[in-house]
Amino acid sequence: MVNEQRSIGIVMNGVTGRMGYRQHLVRSILAIRQQGGLSLPDGTVLWPEPILVGRSESKLQTIAKEHGLDRWTTDLDEALRSGAEIYFDAQVTSMRSEGVRRAIDAGLHVYTEKPIAEDTEGALELGRLARSAGIKAGVVQDKLFLPGLRKLKRLVDGGFFGRILSVRGEFGYWVFEGDWQEAQRPSWNYRAEDGGGIIVDMFCHWRYVLEDILAPVRSVQALAATHIPERVDEQGRTYPATADDAAYGIFELDGGIVAQLNSSWATRVFRDELVEFQVDGTEGSAVAGLRRCRVQHRSMTPKPVWNPDLPATEDFRGQWQEVPDNTEFDNGFKVQWEMFLRHVACDEPFPWDFLAGARGVQLAELGLESAAEGRRVEVPELTL
């Protein structure tokens, strides 16, 4: 017996960009097609039909040809009138709100990258518009689906840490200036007027990582820096970097937990993964990255002795244990796409709505305020 197939059109705006193309089109939507579609609880197979949207006709045509797709356009309104059910946005931050607003007006469900708007009030307004229109809305929270953080969440839920005391996080890598080596990130990331900056980018992530895995954020104190004041863009032109490329934040969470998170595009990596979080508790500690998670329980904690006059002979990393996978981990972006598709198709739960997106924007906005004024800022509750 062949299961019934149901097509669902998805307007994908911004697929010519790095994240929109690699993670959302290739590793999510096309990967779902390659596995034969998405099986729904009633036995129906959901078949995503992407409609590619972007500003460059030649780039869209190249992508479509490479992947055997025939629906693409540079006209967003044309795509929104195509009969598609979902609008996805991976544009630059400064253009996102307008695209999302037009999709809501057209009656499409919306799934979008973050930040969903340039300020908190704009994000809340999108949430109210989505609620009034009766459409389903979701925001990408990809790091929750990384294997390392899923293992960390498992440890928290299982009570491994006892009372959690603190979190220390390190994220970042060296992004080349663009002169003698091409930059790994687009130049708009370093222009505040185009929605760039690492606080705007990463504090949205830190909000949902901290709150979904550990506890709600109650205050932020941040120091922003532009370590590299001048960079070279994609056309070889030198431009001033007007946005922060590093941020050093202290976050107070419920329960007295203190989180210290460093984010930088001007640091060289001397750790096992590009992002790592160490969580310390009364009963044990863990270090989680993108894929790995290692632990040291209270009963297995050695007693190191500080002696600066002698070389250290202990293998400190060897004293930690690896947390097993215990399951197969699929691409995190794809996993969340499947959840949102089921949310639209059969009303399965999807907790990361536009209010969740607004909370991320709020933390970024308050982080910038804290950095500008040099003070600790409380994080108030948000409602639509």
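Quick rundown of the values:
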| item | result |
| --- | --- |
| Where a residue in segment 159-179 is on the phi > 0 side of the Ramachandran plot and small (Gly, Ala, Ser) and its partner, wherever it lies, is assigned to a loop (DSSP other than H, G, I, E, B) and surrounded by 20 or more Cβ atoms within 10 Å (Cβ to Cβ), with Cβ under 8 Å and at least six apart | Gly172/Trp265 |
| Single condition Phe171 does not satisfy, out of (1) buried (at least 18 other Cβ atoms within 10 Å of the Cβ); (2) of a type outside the set (Gly, Ala, Ser); (3) more than 29 Å from Tyr239 (Cα to Cα); (4) in the same structural domain as Asp201 (by TED's automatic domain parsing) | (3) |
| Which numbered condition Gly99 fails, given (1) under 30 Å from Ala286 (Cα atoms); (2) more than 16 Å from the chain's Cα centre (by Cα) | (1) |
| Counted residues, segment 12-33 - those being small (Gly, Ala, Ser), over 15 Å from the mean Cα position of the chain (by Cα) and either modelled with pLDDT of 95 or more or on the phi > 0 side of the Ramachandran plot (or both) | 2 |
| Meets criteria (touching a residue at least 24 places away in the same chain (Cβ under 8 Å), under 26 Å from Gly107 (Cβ atoms) and in a helix (DSSP H, G or I)) for Ile32 | yes |
| Contacts under 9 angstrom Cβ, first residue in segment 98-109 being assigned to a helix (DSSP H, G or I), partner among the acidic types (Asp, Glu) and buried (at least 19 other Cβ atoms within 10 Å of the Cβ), 6 or more apart | Gly99/Asp89; Val100/Asp89; Ala103/Asp89 |
| Residue count for segment 258-273, restricted to those that are without any contact (Cβ under 8 Å) to a residue 60 or more places away in the chain and of a type in the set (S, T, N, Q) | 0 |
| Considering residues of segment 49-90 that are part of a helix (DSSP H, G or I) and hydroxyl-bearing (Ser, Thr, Tyr) only, the residue farthest from Leu38 (Cα to Cα) | Ser58 |
| Among the residues listed as Val167, Val156, the single one being modelled with pLDDT of 95 or more, of a type in the set (A, V, I, L, M, F, W, C) and in a helix (DSSP H, G or I) | Val156 |
| Test: Arg237 is without any contact (Cβ under 8 Å) to a residue 40 or more places away in the chain, out of contact with any Ser or Thr (no Cβ under 8 Å at 6 or more places or on another chain) and under 24 Å from Gly14 (Cα atoms) | yes |
| Total residues in segment 1-29, condition among the hydrophobic types (A, V, I, L, M, F, W, C), in a helix (DSSP H, G or I) and within 26 Å of Ile104 (Cβ to Cβ) | 3 |
| Options Gly158, Gly122, Gly162, Gly83; residue that is over 16 Å from Val361 (Cβ atoms), assigned by TED's automatic domain parsing to the domain that holds Cys346 and surrounded by fewer than 22 Cβ atoms within 10 Å (Cβ to Cβ) | Gly83 |
| Criterion: part of a helix (DSSP H, G or I), surrounded by 15 or more Cβ atoms within 10 Å (Cβ to Cβ), touching a strand residue (DSSP E or B) at 6+ places or on another chain (Cβ under 9 Å) and among the charged types (D, E, K, R) - qualifying residue of Arg207, Arg231 | Arg207 |
| Strands (runs of 3 or more DSSP E) within segment 236-323 that include 1 or more residues surrounded by 15 or more Cβ atoms within 10 Å (Cβ to Cβ) | 246-253, 258-264, 275-281, 284-288, 293-297 |
| Pair list, Cβ < 6 Å and 6+ apart or interchain, from segment 298-311 residues that are in the same structural domain as Leu165 (by TED's automatic domain parsing) to residues that are in a helix (DSSP H, G or I) and of a type outside the set (A, V, I, L, M) | Pro302/Gln319 |
| Filtered residues of segment 329-378 (kept if surrounded by fewer than 21 Cβ atoms within 10 Å (Cβ to Cβ), more than 25 Å from Leu108 (Cα to Cα) and out of contact with any helix residue (DSSP H, G or I) (no Cβ under 6 Å at 6 or more places or on another chain)) | Asp330, Glu369, Ala372, Glu373, Gly374, Arg375, Arg376, Glu378 |
| Filter result (under 16 Å from the mean Cα position of the chain (by Cα) and under 22 Å from Gly256 (Cβ atoms)) within segment 150-169 | Gly169 |
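For (1) within 21 Å of the chain's Cα centre (by Cα); (2) more than 30 Å from Val45 (Cβ to Cβ); (3) in the same structural domain as Arg27 (by TED's automatic domain parsing); (4) assigned to a helix (DSSP H, G or I), each residue gets a yes or a no:
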| position | (1), (2), (3), (4) |
| --- | --- |
| Phe340 | yes, no, yes, yes |
| His343 | yes, no, yes, yes |
| Pro349 | yes, no, yes, no |
| Ala356 | yes, no, yes, yes |
| Leu366 | yes, yes, no, yes |
| Ala372 | no, yes, no, yes |
| Leu382 | yes, yes, no, no |
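The values are calculated or read from the model by the stated rules, or taken from the named source; none is laboratory data. What you see is a predicted model, and the numbers here were worked out from it, not measured in a lab. Virtual Cβ from ideal backbone geometry, glycine too; neighbours counted across all protein chains shown.
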